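The values are calculated or read from the model by the stated rules, or taken from the named source; none is laboratory data. The shown structure was predicted, so the numbers you read here are calculated from the model rather than taken from an experiment. Quick reminder, even Gly has a Cβ in these numbers, built from the backbone with ideal geometry, and neighbours come from all protein chains shown. Note: accessible area is taken over every heavy atom of the protein model, side chains too, but ligands, DNA and RNA are not part of it. Shrake-Rupley method; radii C 1.70, N 1.55, O 1.52, S 1.80 Å.
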Amino acid sequence: MKEQTVRVAANSKQIIQAEEHIIEIVSDSGEGAQTAGQMFGTISAKAGNSVWTVEIIPAEIEPPPRTAPGASGNRIRIGSFEITNAGDDAKLVVAFNEQALMGGMSAGKFESGCIVLLESMWGKHPNPAIAREYAATMEKLKQTDYRIYEVPMEAECLKVVQDARRGKNMFVVGMLCNIYSRDLAYAYKEIENKFKAKKPAMIKPNIDLLDAGYRWAEENLDFRFEIPPCPQQGAQLVANGNTSLALGVIASGMEVCAMYPITPATSASHYLSQALYEAGGVVHQAEDEIAACGFAIGASYAGKTAVTITSGPGMALKTELMALSVMAEIPLVLVNVQRGGPSTGLPTKVEQGDLLSAIFGSPGDNPKVVMAPATIEDCFYCMITARKIAETFRTLVVVLSDANLATGQAAFPRPVPQKEWDAPPIDQSPVPKGALPYDWDPKTGLSKRFIPGQPGGMHTLTGLAHTRASGVAYDPEANQEGCVNRSLKLAAFQKTLKAPKVFGDPAGDLLIVGWGSTKGAIEEAVTRARKGGLKVSALHLTYLQPMASGIKEIMQQFKQVMTVEINYSDDPAHELIDENNRRYANLAWLLRARYLIDIDCWSNVYGQPIKPGEIEQMIRDRLSARKTH
Amino acid sequence: MFGLNDNCSIDQDQEYLTLEDYQGRVSRWCAGCGDNGILGATQRLCRDEQLPREKTVFVSGIGCAARFPHYMNTYGFHGLHGRALPIAQGIKMRRPDLHVFVNMGDGDCCSIGTAHWIHALRANMDLVVMLHDNGIYGLTKNQASPTTPTGLKTNTTPRGTMLRALNPLTVTLGVTNASFVAQVGEWIPDLLFEVLKQAFHHKGLSFVRILQRCPHFTPELYNALLTNPDNIVLLTHEKGMQIGETTAKIYKRQEHHDPSDLNRARELAEMSDRVPMGILYRNEEIGRYNEISRSGILPTWERRAEVLESAFDRFGIQASAAE
Ligand SMILES: Cc1ncc(C[n+]2csc(CCOP(=O)(O)OP(=O)(O)O)c2C)c(N)n1
Ligand SMILES: [Mg+2]
């Protein structure tokens, strides 16, 4: 990406224009780097940039201070074009201490030539051990090509307020406003909005800190950036994926959300706990995920299709009830905001490792719909769609989001609420004489359910194999018949799906297939590779089960097909690994099994969003390797 | 006398429901199974209360006892082993118009579903909960349950169970917000009916432990009570149960027990030489989760749209010149 000095200001400052920039702010937990990041993101969005922010979250509430794993903060990517992902390496880092900085550095998150603004107070710290640590880090930094600026943040803040620890983050926002040539009026407004309701007395000191940061940067830094605005239409909404999903729950007409806290899903329920209540619904925190799922199933059975929100370990606990919802054909929406790892794994990190367990994780044959939002905007709309599918097809719909969407924040067009999103009222009309609760249509497998309160519809629903009359089945035919019909329903739903659109040319050397939150990064990588003349395209799947017709035909137009996913797969280059034992990434397994095409995969489980640059590099390597064959 | 007084008669278009009207499929329980008696008493209750069948739901887990809903002609939910209570709560949560009953075995309630048992008591939603306690896993054929008495030989305890039996009454009475706790034997139909009736009229979760014989695996479990009624202490009180003459004649050992006295209830539950029957505890003052969790706001589309718009305003941005 090209940066270009456009002019030199009177005070010999270089004014540099760039199409995009990535900023990281890192601090100890509790110092407000996250707030600063969010605020600067919002300010940038209001100033017209496209913005994607991601939280950097330590696993503990109060991790030990001044440590690399304890670093908390935010990554903010701002650009003049539509930003769909967290991007590549950072170009500017603000660090509240040198250890937090080292964390990101050793993870290789900073670009060569990256600008580092580092709190300098630690160098003269009364504790000699700390001062030594700082000096040692400075030595290491000198060996890099980073442009280091030591900033006396604490000292400068103390000129304006008495407790600098609480206000340093506003000083940082002030600096960033100067560095990125932001109009301070946006920042004043943000501070006002943040404090006016609950702590109006805090407005003035925060504005003072902001001004101080701005002034310090103006007087002491020899550069400034300009990221021109991105053409935008109309009103936008800035939210993270979990908030977007929570708003989608309200929009879908669902009134009951049953949950048990688990990272990174919980913030969706946090938001709903108040908002759904105000909409006349309820968030029920159950004693465990099993109870949460049972509660949701109960509410759905009684006519109020419910949602249960969890992450991988919670979904594992729900599997038995998921199968009940499938078996008894009770509509249910289950959201899994995936996190890293098997077992407790990486609670705050990104992974897409639950696709196969969502599809196959329950006992017996389990036809259900599995879909995945690809963007923060999708998180909103997919809840409306999921509720409708669940009711129309009397089925379980699993929605797979992930930590990347859950904690990423971006702007999308403000939705306009539509009455047609709403759930229908509970059917309480009398059931015609002789009608059966599982009167499966032989063509579609569909049947109309009876809801308590409907006169004449009395029956006992059961998770045992059952007859059309919902009696426990004692003959061998009934189980086969039930399985056939539940599977047919999925086929009937599949017929309503449209083939996904190819991103790029419809034919070429390489097709990258993705699902879920990787869409933005994959398409950005493909765009760059195509600009470099490579014949690569991308295909993104929203429905993972069932999959739309036409996917095979799309894949056949490419010489190579591979998936890019954030979940585990074996490295085929390892000496132990060959085609007899190689374990593929989740989607690659599914595609290989269904389409009998030799589909490759590229995936990893570092717990990070995949960077477009990494994908681009992988594409280049692969296509150049092919040429040399 | 019936039908003469207009005020007492039922609406013209609403037929009077008889016992048969509440009977579902033909029971497949064994001859002599105590569950049959519980079913009979429950159908009698429904009939006497004239519960609208479409507004009544029986929720169960898995086990012999859990077949219960199939034998009622109401709505029923025969779910998963141990999970009846969360499902029943979910049903009741947004449907106060439904009468919700729960039938669980001792494995269902006191083993695999223990967490739900404790938390459902605490939530105190308006449910009638029957624990069919036969001291054994019946359906899976003779394995020890938490309530199996010490020393009983079962398929999984060929040398006899080692641990003392869990006491469902003391557990229940120890849980915050438990609001109605009763015990009765399935072989005393009048008492069973009376207890279920009181449980039905209680506002909150009524927990009824029903001592139930399994003719196959624990036929002698309650022999001491059957052969010697003096081993039973009947709990009577103006605020609790009043007992018919015949019952009173058989069960001479009685205690005038005020069901609001929690300490005495706990002592009674703890007795090792005698078994209390009747209402141990009742408290109507305890809040019910399905009621106290309501915002009082009607969940209309207009309301939802309003909530959405105001959230959109809060999260909204309009790229614009700074004001
Ligand atoms: C998850 C699960 N584990 C185990 C079982 C097997 N199972 C069915 S019923 C039952 C125990 C039944 O005992 P109880 O609840 O006392 O009911 P009863 O048959 O005695 O009435 C068991 C272990 C099951 N159906 N599901
Ligand atoms: Mg039992």
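Treating the beta-carbon of each Lys and Arg as +1 and of each Asp and Glu as -1, no other charges, what is the dipole magnitude of chain B about its Cα centre, to the nearest 20 debye?
1200
For the pair B:LEU226 and A:ASP183, how long in nm is the line joining their label points, each one 7 Å along Cα→Cβ?
Taking the simple label geometry, B:LEU226 and A:ASP183 are separated by 8.9 nm.
Would you mind checking the pairs A:LYS349/A:LYS531; A:LYS46/A:LYS196; A:LYS91/A:LYS159; A:LYS91/A:LYS349; A:LYS368/A:LYS611; A:LYS194/A:LYS519 and listing those with alpha carbons more than 26 angstrom apart?
Pairs exceeding 26 Å: A:LYS349/A:LYS531; A:LYS91/A:LYS159; A:LYS368/A:LYS611; A:LYS194/A:LYS519.
Could you work out the per residue convex hull volume over the alpha carbons of the range B:67-149, in cubic angstrom?
89
To the nearest 10 degrees, how steep is helix A:376-392 against the longest Cα principal axis of chain A, on a 0 to 90 scale?
The angle comes out at about 10 degrees.
Which distance in nm do the two modelled labels at A:ASN479 and A:GLN14 give, with both placed 7 Å along the Cα-to-Cβ direction?
The modelled label-to-label distance comes out at 7.4 nm.
Just in the range A:387-447: which trypsin sites (Lys or Arg not before Pro) are loop by DSSP and have at most 12 other Cβ atoms within 10 Å?
The qualifying sites are A:LYS433, A:LYS443.
Of all DSSP beta bridges in the range B:19-288, what percent run antiparallel (nearest 5)?
Given both bridge residues lie in the range B:19-288, the antiparallel proportion sits at roughly 20 percent.
For the range B:1-158, I need the span (max minus min coordinate) of the C-alpha atoms along each principal axis, in Å, sorted largest to smallest.
Projected onto its principal axes, the Cα set of the range B:1-158 covers 64, 36, 22 Å.
Quick one: plug the Kirkwood hydrodynamic radius of the range A:502-628 (C-alpha pairs) into Stokes-Einstein at 25 °C, 0.890 mPa s, and report D in µm²/s.
The diffusion coefficient I find is 166 µm²/s.
Near the amide H of B:GLY160, under 5 Å away, which other amide H atoms are found, from residues 5 or more places off or on another chain, if H is placed in the peptide plane?
For B:GLY160, the qualifying residues are B:THR154.
Of A:LYS318/B:LYS153; A:LYS318/B:LYS92; A:LYS498/A:LYS552; B:LYS92/B:LYS197, which ones are farther than 23 Å apart at the Cα?
A:LYS318/B:LYS153
How big is the antiparallel share of DSSP beta bridges in chain A, given as a percent to the nearest 5?
40
Please report, in whole Å³, the volume per residue of the convex hull around the C-alpha atoms of the protein assembly as shown.
Considering the Cα atoms of the protein assembly as shown, their hull volume per residue is 222 Å³.
At q = 0.15, 0.17, 0.18 Å⁻¹, what base-10 log of I(q)/I(0) does the Debye formula yield for the range A:4-226 when every alpha carbon is treated as an equal point scatterer in vacuo?
Log10 of I(q)/I(0), two decimals: -0.99, -1.30, -1.47.
Across the range A:247-254, in residue order, what do the Karplus-derived ³J(HN,Hα) couplings come to in whole Hz, using 6.51 cos²θ - 1.76 cosθ + 1.60 with θ = phi - 60° and x for Gly and Pro?
Listing the rounded values in order: 5, x, 4, 5, 5, 6, x, 6 Hz.
Hey, can you grab everything whose amide H is under 5 Å from the amide H of B:GLN254? Only 5+ residues off in sequence or another chain; H modelled, so Pro and N-termini drop out.
Correct list: B:LEU234.
What aspartates and glutamates does A:LYS204 reach when the alpha-carbon gap must be under 17 Å and sequence neighbours fewer than 8 apart in one chain are set aside?
A:GLU156, A:ASP163, A:GLU190, A:GLU192
Rank B:ASP273, B:ASP190, B:ASP230 by mean-square fluctuation in a GNM of chain B with C-alpha springs under 10 angstrom and give only the top-ranked residue.
B:ASP273
In the range A:1-120, if the dipole is taken from +1 on Lys/Arg beta carbons and -1 on Asp/Glu beta carbons about the Cα centre, which of A:VAL6, A:GLY41, A:GLN17 is farthest to the positive end?
Positive-most Cα among the choices belongs to A:VAL6.
So which aspartates and glutamates pass the test for A:LYS13, namely a Cα distance under 13 Å, with those fewer than 8 places away in the same chain ruled out?
Within the straight-line limit of under 13 Å, A:LYS13 reaches these aspartates and glutamates: A:GLU218, A:GLU219, A:ASP222, A:GLU226.
What fraction of the DSSP beta bridges in the range B:5-158 is antiparallel, stated in percent and rounded to the nearest 5?
Taking every DSSP beta bridge within the range B:5-158, about 20 percent pair in antiparallel fashion.
As an exercise, use a Förster radius of 22 Å and the Cβ-Cβ distance of B:ASP97 and B:LYS239 to find the FRET efficiency, rounded to the nearest 0.05.
That pair, B:ASP97 with B:LYS239, gives E of 0.15.
Please report the base-10 log of the normalised intensity I(q)/I(0) for the range A:1-70, using a Debye sum with one equal scatterer per alpha carbon and no solvent, at each q in 0.16, 0.21, 0.27 (1/Å).
-0.75, -0.94, -1.15
Cα to Cα, under 12 Å, and not fewer than 8 places away if on the same chain: which aspartates and glutamates meet these conditions relative to B:LYS249?
Answer for B:LYS249, where 12 Å is the Cα cut-off: B:ASP230, listed by chain and number.
Using the Cα centre of chain A as origin and beta-carbon charges of +1 (Lys, Arg) and -1 (Asp, Glu), tell me which of A:GLY613, A:PRO442, A:VAL398 is placed farthest towards the positive end of the dipole.
A:PRO442
Compute the FRET efficiency between B:LYS252 and B:MET162 as 1/(1 + (r/R0)^6), taking r as their Cβ-Cβ distance and R0 = 30 Å, and round to the nearest 0.05.
Efficiency for this residue pair is about 0.25.
Which FRET efficiency value, to the nearest 0.05, is calculated for A:ASP427 and A:ALA491 with the Förster distance at 25 angstrom and r the Cβ-Cβ distance?
My answer for the efficiency is 0.45.
If you take the charge dipole of the protein assembly as shown about its Cα centre, with +1 on Lys and Arg Cβ and -1 on Asp and Glu Cβ, which of A:LEU324, A:LEU276, A:THR467 is farthest toward its positive end?
My answer, from the dipole projection, is A:THR467.
How far apart, in nanometres, would the label points at A:ALA573 and A:ARG147 be if each is projected 7 angstrom from Cα along the Cα-to-Cβ direction?
So the label points at A:ALA573 and A:ARG147 sit 3.4 nm apart.
What's the magnitude of the charge dipole for the range A:223-316 around its Cα centre, counting Lys and Arg as +1 and Asp and Glu as -1 at the beta-carbon? Answer in Debye, nearest 20.
In total the dipole reaches around 220 debye.
Provide the buried accessible surface between chains B and A in square angstrom, both chains summed, 1.4 Å probe, rounded to the nearest 100.
Its buried surface, counting both partners, is about 5700 Å².
Below 8 Å, C-alpha to C-alpha, sequence gap of six or more: please give me the relative contact order for the range B:155-216 in percent.
34 percent.
Quick one: plug the Kirkwood hydrodynamic radius of the range B:19-288 (C-alpha pairs) into Stokes-Einstein at 20 °C, 1.002 mPa s, and report D in µm²/s.
117
For chain A, what is the calculated [θ] at 222 nm in deg cm²/dmol (nearest 500), taking -39500 (n - 2.57) for each run of four or more DSSP H residues and dividing by its residue count?
That comes out to -11500 deg cm²/dmol.
Kindly express, to the nearest 10 degrees and within the range 0 to 90, the angle between helix A:203-220's C-alpha long axis and the longest C-alpha principal axis of chain A.
Tilt relative to chain A: about 60 degrees.
Tell me the carbon and sulfur percent of the accessible area for chain A, rounded to whole percent, probe radius 1.4 Å.
Roughly 53 percent of what the probe reaches on chain A is carbon or sulfur.
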